[in-house]
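The values are calculated or read from the model by the stated rules, or taken from the named source; none is laboratory data. Predicted model only: the values in this text are computed from it and were never measured. Methodologically, a virtual Cβ is constructed for each residue, glycine included, from the backbone with ideal geometry; neighbour enumeration extends over all protein chains shown.
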Amino acid sequence: MRIVLVHGSWHTGELWAPVADHLKRAGHEVHTPTVAGHGKGADKRVNHAQCTQSIVDHLVQRDLKDVVLLGHSYGGTIISKVVEAVPERVRRLVYWNAFVLNDGESLDDNVPPHFRALFAQLSAASADGSVMMPFPIWREAFINDGDLATAQRTYEMLSPEPYQPFVDKLDLKKFHGLQVPRSFINCTEDIALPPGAEWGWHPRMSSRLGLYRLVQIAGSHEVMFTAPERLAGAIVDAGRD
Amino acid sequence: MRIVLVHGSWHTGELWAPVADHLKRAGHEVHTPTVAGHGKGADKRVNHAQCTQSIVDHLVQRDLKDVVLLGHSYGGTIISKVVEAVPERVRRLVYWNAFVLNDGESLDDNVPPHFRALFAQLSAASADGSVMMPFPIWREAFINDGDLATAQRTYEMLSPEPYQPFVDKLDLKKFHGLQVPRSFINCTEDIALPPGAEWGWHPRMSSRLGLYRLVQIAGSHEVMFTAPERLAGAIVDAGRD
Amino acid sequence: MRIVLVHGSWHTGELWAPVADHLKRAGHEVHTPTVAGHGKGADKRVNHAQCTQSIVDHLVQRDLKDVVLLGHSYGGTIISKVVEAVPERVRRLVYWNAFVLNDGESLDDNVPPHFRALFAQLSAASADGSVMMPFPIWREAFINDGDLATAQRTYEMLSPEPYQPFVDKLDLKKFHGLQVPRSFINCTEDIALPPGAEWGWHPRMSSRLGLYRLVQIAGSHEVMFTAPERLAGAIVDAGRD
């Protein structure tokens, strides 16, 4: 498979390395672009359209076709717009505990009020309008399946998240009419969003995909760090025809 | 244990072979009758009562007693009526991602509107009023844990499903008063019904059993093909006293 | 870690032995006090405050500090009150399929009506106002992942449960204002409470903890008997910093 992995908030493409290594060893071609505005030192003043364009550019400049396009978390909002731009390049979409937005919604519309308030407050308090992840939330609710050392080591690799893409309302009419096959990977211990019907990832997000394939594994929102081989296996099961 | 496995829609008794082999090797007696109207070449013009009678006949003609009676999916509607007819022969009921109907309901009453519409449309379009499973649904939502070759190979073994038993309303007053012990096996990746409180298998179906035993395993609606040994283990855990 | 395990209804501290052995072998210090009014021969005429006090006394008399304080099931109502009394001794709270009560509620307020009725009826019929666990419920809904011999052997170790602590309304204002870190262990086959949004353990109970860490394992409400090593591993993952 030719797999393009689109990271989530606070991440960059480099952080996929452990997962990408397992996939490459299994014979797959893996691309891990960094979304515009992400990473240490990047200009955080980007909007959602610019984030999307940076991934479209990656696909077009390398002329990537037959792509299994995976989005993690916030990355789900990106791949939904990328496939609108270049549907002919995408063989299958894979959402890994990712946002699948309804037409006209923002990511912010899909998180609980206490997260919305926290993001707005952190953004307002930052010099460049970005949002940094507080460590206690990272440790307890994002990487709950890791030990403290892993939580600390990986936290050092994170970078502030641009805020504007969280609140941009997305036109997704074309996306919801596309027939590209799609899969959803759900980590059963992911509590980055509160579990349950109202705010949980699955089936709230997955059910918006219409006919989709479900793959589930044990793990937290950050299983890419705590069990990268397990996630690589799930990506293969989700991405194959 | 003496186990009678009652298959679901589009299946026949023969398709249990991999599961039955594991159970027999573990020392159990296994029966895999085919429900009336099921299989290639069978007359599809049957109703639910005839389907039930064919399984009752199997038990009575072989004088089977102390039976662990398992129903898969649609097969759940059958075993609920079979046990009404011959409760003295049944030691325990096991529902594996199966329909547990309320009194007066049909299977059709328990599936989402888009499935009801699809079944009605496929039945109307067929020569004998039967419903064939579309391959994309099979591949993504029924056997989501298998590879494409397994999905294709098993699809070839399916046959059109009689439609009348889907819409027959069942009198289940006696069933809901019986005290026969019962278990529910839930496959955690089964999306043949949309996951969630409104349409999901568990706990929507299981909770209708009153006091019941839950056994859960990883797998899709068709784990009998993708991991037959795992399912055989679950059947033993669900069926034992 | 220094771990204090607070048992649930019908149990005593001794019943933790298989789990405690695994934890000790992994280098942890383990305490397994018995809650007042619990055990064969104990005076069942206790209220919730007396139950709480017995565990506070255990911590204070041994001068235990930096404690990972775990409550199982009913034990969750105890540790929430214990930490109010001695917050400086508690490093982290761990709820294992345990009740997390809202301020002013009783355990009884948090179980389905048919359980409330059963408890009241069994208590009224007993000589000392206690509630014994009926074997069929134990076998099917509490230890559903064990075989019959295990269900019978462990049932012999149970003892009648004091009823008053089930119905005492608890003032938990202080608890809900505390910042002590907390974790929730959820066994995915636990049907001691009916699964689902209305009555299930998770996320109904876990979500009341605010920011918490989730650890999930396969197993029933009584996995301490059926897979003690698995539970010990989950306790370590839930209890570590």
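Looking for whichever is within 9 Å of another protein chain (Cβ to nearest Cβ) and within 19 Å of A:Arg139 (Cα to Cα) here; the options are C:Ser220, C:Ser183. Which one fits?
On inspection, the qualifying residue turns out to be C:Ser183.
Kindly indicate which of C:Thr154, C:Thr226 is in contact (Cβ under 8 Å) with a residue 60 or more places away in the chain, β-branched (Val, Ile, Thr) and within 14 Å of chain B (Cβ to nearest Cβ).
C:Thr226
Specify the residue that is surrounded by the most Cβ atoms within 10 Å (Cβ to Cβ); the eligible residues are those in the range B:186-200 that are more than 7 Å from every other protein chain (Cβ to nearest Cβ) and small (Gly, Ala, Ser). Full working, then the answer.
Step one: of the range B:186-200, the residues more than 7 Å from every other protein chain (Cβ to nearest Cβ) are B:186-187, B:190, B:192-193, B:198-200.
From what is left, the residues that are small (Gly, Ala, Ser) are B:192, B:200.
Details: B:Ala192: 22, B:Gly200: 19.
The qualifying residue surrounded by the most Cβ atoms within 10 Å (Cβ to Cβ) is B:Ala192.
On the given criteria, is B:Val94 touching a strand residue (DSSP E or B) at 6+ places or on another chain (Cβ under 6 Å) and at pLDDT 95 or above?
Yes, satisfied.
Do you know which residues across the range B:40-64 are part of a loop (DSSP other than H, G, I, E, B) and either among the hydroxyl-bearing types (Ser, Thr, Tyr) or surrounded by 17 or more Cβ atoms within 10 Å (Cβ to Cβ) (or both)?
Here is the first cut: in the range B:40-64, the ones part of a loop (DSSP other than H, G, I, E, B) are B:40-47, B:62-64.
Once the filter is applied, which keeps residues that are part of a loop (DSSP other than H, G, I, E, B) and either among the hydroxyl-bearing types (Ser, Thr, Tyr) or surrounded by 17 or more Cβ atoms within 10 Å (Cβ to Cβ) (or both), the range B:40-64 yields B:Ala42, B:Lys44, B:Val46, B:Leu64.
How many of the residues in the range B:122-131 are crowded, with 20+ Cβ neighbours inside 10 Å and in a helix (DSSP H, G or I)?
The qualifying residues number 1.
Go through the range A:78-105 and count every residue that is more than 15 Å from A:Pro181 (Cα to Cα) and in contact with a Pro (Cβ under 6 Å, 6 or more places away or on another chain).
Adding up the residues that qualify gives 0.
Counting just the residues of the range C:132-147 that are out of contact with any Leu (no Cβ under 8 Å at 6 or more places or on another chain) and surrounded by 21 or more Cβ atoms within 10 Å (Cβ to Cβ), which one comes out nearest to the other protein chains (Cβ to nearest Cβ)?
For the range C:132-147, the residue satisfying everything is C:Asp145.
Looking at (1) out of contact with any strand residue (DSSP E or B) (no Cβ under 9 Å at 6 or more places or on another chain); (2) without any contact (Cβ under 8 Å) to a residue 24 or more places away in the chain, which one does A:Leu15 not meet, given that it meets all the others?
(2)
Which residues, taken from the range B:110-121, are outside any helix (DSSP H, G or I), crowded, with 16+ Cβ neighbours inside 10 Å and not hydrophobic (A, V, I, L, M, F, W, C)?
none
Across the range A:201-217, what is the total count of residues that are more than 10 Å from chain B (Cβ to nearest Cβ), within 15 Å of the chain's Cα centre (by Cα) and not aliphatic (A, V, I, L, M)?
1
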